[in-house]
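What follows is a short report on a single structure.
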Amino acid sequence: MDLCIQTHFRHDFLVVLDNHQRKSRQEHMCLEYDYGESLKSPNSFYFHEQYTGKEEFDAHAISSHFLKWEEFASKNPFMKPPFVKFYHNRLNEL
């Protein structure tokens, strides 16, 4: 996922995101949750989340910390719409 945050939302974004990352990593179905900020474009963030399956991600999407993220996102803090991609890890099939 790629997110570009308006400058005046940066502090709140990082507070919500740090909490969301910490709680997501505690979920038994979360294999990985990492993010970082672009070195060239301030307030542009890139995410990688990996769950044991789609059903597990769907369960994550109704967690209390995800709902707090959605509450923040509803304030329209983005400079452009978030870019989200889902993919299937083929290595799990080998």
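The values are calculated or read from the model by the stated rules, or taken from the named source; none is laboratory data. Computed from a predicted structure; not experimentally measured. In this analysis, Cβ positions are derived from the backbone assuming ideal geometry, glycine residues included, and neighbour counts consider all displayed protein chains. With ligands, DNA and RNA removed, areas are computed over all heavy atoms of the protein, side chains included. Shrake-Rupley method; radii C 1.70, N 1.55, O 1.52, S 1.80 Å.
Cross-link partners for Lys85 among the lysines, with Cα-Cα distance under 17 Å and sequence neighbours closer than 8 places in the same chain left out: Lys54.
Relative to the longest principal axis of the Cα atoms of the chain, the long axis of helix 10-26 makes an angle of roughly 10 degrees.
The gain in end-to-end length when the Met79 to Glu37 segment is fully stretched comes to 13.6 nm, 0.36 nm per residue minus the alpha carbon separation. Projecting the Cα atoms of Cys4, Phe86, Ser74 onto the charge dipole of the chain, computed from C-beta unit charges around the Cα centre, puts Cys4 farthest toward the positive end. Could you tell me how many degrees, from 0 to 90 and to the nearest 10, lie between the Cα long axis of helix 64-73 and the main elongation axis, the longest principal axis, of the Cα atoms of the chain? It is inclined by approximately 40 degrees. Convex hull volume per residue, computed on the Cα atoms of the chain, equals 104 Å³.
Per residue, the accessible area of the chain comes to 71 Å², computed with a 1.4 Å probe over protein heavy atoms only. Putting +1 on Lys and Arg Cβ atoms and -1 on Asp and Glu Cβ atoms, find which of Asn43, Cys30, Asn19 reaches farthest to the positive end of the dipole of the chain. Positive-end residue among those listed: Asn43. Our Cα-only numbers for the stretch 48-94 put the radius of gyration and Dmax at 13.5, 43 Å. When only the Cβ of Lys, Arg, Asp and Glu is charged (+1, +1, -1, -1), the dipole of the chain relative to its Cα centre reaches about 300 debye. Other residues within the sphere of radius under 14 Å centred on the Cβ of Glu56, judged by their own Cβ, net out at -3 (K and R +1, D and E -1). Expressed as a whole percent, the accessible surface of the chain that belongs to carbon and sulfur atoms is 55, based on a 1.4 Å probe. Put Met1, Met79 in order of accessible area, highest first, and with a 1.4 Å probe you get Met79, Met1. Helical content of the chain, expressed as a calculated mean residue ellipticity at 222 nm, amounts to -11000 deg cm²/dmol (DSSP H runs of 4 or more residues, -39,500 (n - 2.57) each, divided by residue number, nearest 500).
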